[in-house]
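Take a look at the structure below.
The values are calculated or read from the model by the stated rules, or taken from the named source; none is laboratory data. The model shown is predicted, which means the values in this text are computed figures rather than measured ones. As a convention, Cβ positions derive from the backbone with ideal geometry for all residues, glycine included, and neighbour counts pool all protein chains shown. For the accessible areas, the whole protein counts, side chains as well, though only heavy atoms, and no ligand, DNA or RNA atoms are used. Shrake-Rupley method; radii C 1.70, N 1.55, O 1.52, S 1.80 Å.
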Amino acid sequence: MKKLLFIIPYFVISEATAQEIVNYESAPTVPEDKMNIIKTNITGYAFRNINLSYERSINRWFAVNVGFGTVTEGKVPFMNAFLSDEDEKNFQNLKIKATNFTIEPRFYIGEGYGKGFYFAPYYRYSKVSTNTFDFTYDYNAFGTTIPIPLKGLGDANGNSGGLMVGAQFFLNKQHSFVLDFWIAGAHYGSGKGDFSLTSDIVLTPEMQAQLKKEIENLDVPFVDYTVETNANGARVKVDGPWAGFRSGFSLGYRF
């Protein structure tokens, strides 16, 4: 009986210890008390994109990320990639600025609570506007070329949906600092825009016809637009596809 009384506490203690080990091993390796992350995409600054995003973990595998960015006024990046050198010369001192808003549900397939690989369907609203820029086209008449200067101004906006694949990591033991790697993301949708070109010179019907042809021959890729001309200049309406690509690195703080 004495031996039995001695053995029973041993099993009770062993069972309690085993239960603690099981509970410890099955507990999340990521602290659940830090459910919020504020981040900024550091690669975006190379393109004048000042941005900030906020991520909130809803549960272990699901989070919502909301982001806002603004591109300060400056030259059009990679303009020579979609316009020939000759066409690019027609746009003098053209600058653009832009804003975007993105809402992105995230589904984590790694450790969760903001850590590991994820895929994220997202919605993005974008707006682009220009400064007052100079546009010149050459009017040909009777074997003579006459440069016709115009002033341009306008904006466009688009709504699109896409999918992002990425991975997020914690950078310290306290899980306070994070690195969010946007491996690849792409979105597609529709956009509308309205741009005007005005001239101090009253344009004749022949001048208008040549101006219309000049703008239509720019053949900007991935953009559908129509051109209307009048005695004061031209109006360019954009109505077509709107697409973009996302990739980069974000640094953030988790709290």
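Determine whether the stretch 134-145 contains at least one residue that is of a type outside the set (Gly, Ala, Ser), part of a strand (DSSP E or B) and under 29 Å from GLY189 (Cβ atoms).
Of the stretch 134-145, the ones of a type outside the set (Gly, Ala, Ser) are 134-140, 142, 144-145.
Going one step further and asking which of them are part of a strand (DSSP E or B), we end up with 134-140, 144-145.
Restricting the remaining residues to those that are under 29 Å from GLY189 (Cβ atoms) gives 135.
Yes - at least one qualifying residue is present in the stretch 134-145.
Restricting the search to the stretch 182-203, which residues are open to solvent by 20 Å² or more (accessible area, probe 1.4 Å), over 30 Å from TYR118 (Cβ atoms) and part of a strand (DSSP E or B)?
Across the stretch 182-203, the qualifying residues are LYS192, ASP194, PHE195, SER196, THR198.
Within the group TYR113, TYR108, TYR118, TYR139, which residue is surrounded by 16 or more Cβ atoms within 10 Å (Cβ to Cβ) and in contact with an Asp or Glu (Cβ under 7 Å, 6 or more places away or on another chain)? Steps first, answer last, please.
Working: TYR108 fails: in contact with an Asp or Glu (Cβ under 7 Å, 6 or more places away or on another chain); TYR118 fails: in contact with an Asp or Glu (Cβ under 7 Å, 6 or more places away or on another chain); TYR139 fails: in contact with an Asp or Glu (Cβ under 7 Å, 6 or more places away or on another chain).
Result of the check over TYR113, TYR108, TYR118, TYR139: TYR113.
Specify the residue that is farthest from the chain's Cα centre (by Cα); the eligible residues are those in the stretch 237-255 that are more than 13 Å from GLY191 (Cβ to Cβ) and open to solvent by 20 Å² or more (accessible area, probe 1.4 Å).
We begin by selecting, within the stretch 237-255, every residue more than 13 Å from GLY191 (Cβ to Cβ); these are 245-255.
From what is left, the residues that are open to solvent by 20 Å² or more (accessible area, probe 1.4 Å) are 245, 247, 249, 251, 253, 255.
Working: PHE245: 7, SER247: 9, PHE249: 13, LEU251: 16, TYR253: 21, PHE255: 25 Å.
Among them, the one singled out is PHE255.
For the condition under 21 Å from ARG124 (Cα atoms), open to solvent by 30 Å² or more (accessible area, probe 1.4 Å) and not charged (D, E, K, R), what is the one hit in LEU171, LEU163, LEU153, LEU179? Break it down stepwise before answering.
Numbers: LEU171 fails: under 21 Å from ARG124 (Cα atoms); LEU153 fails: under 21 Å from ARG124 (Cα atoms); LEU179 fails: under 21 Å from ARG124 (Cα atoms).
Answer to the check: LEU163.
Would it be correct to say that GLY114 is in a loop (DSSP other than H, G, I, E, B) and within 20 Å of LEU52 (Cα to Cα)?
Values: in a loop (DSSP other than H, G, I, E, B): yes; within 20 Å of LEU52 (Cα to Cα): yes.
Judged against the criteria, GLY114 is a match.
Quick test of your reading of the structure: PHE177 fulfils all but one of (1) farther than 23 Å from PHE245 by Cβ; (2) aromatic (Phe, Trp, Tyr); (3) touching a residue at least 40 places away in the same chain (Cβ under 8 Å); (4) out of contact with any Lys or Arg (no Cβ under 9 Å at 6 or more places or on another chain). Name the failing condition by number.
Result: PHE177 passes all but (4).
How many of the residues making up the stretch 204-232 are surrounded by 14 or more Cβ atoms within 10 Å (Cβ to Cβ), touching a Phe, Trp or Tyr at 6+ places or on another chain (Cβ under 9 Å) and closer than 14 Å to ILE148 by Cα?
5
Under 8 Å between Cβ atoms, which residue pairs at least 6 apart in sequence (or on different chains) link something in the stretch 144-155 that is of a type in the set (Val, Ile, Thr) with a partner that is surrounded by fewer than 12 Cβ atoms within 10 Å (Cβ to Cβ) and outside any strand (DSSP E or B)?
Listed pairs, sorted by first residue: none to list.
Taking the stretch 55-98 as the search range and keeping residues that are open to solvent by 50 Å² or more (accessible area, probe 1.4 Å) and of a type in the set (S, T, N, Q), which one is farthest from ASP155 (Cα to Cα)?
Looking at the filtered set, the residue picked out is ASN59.
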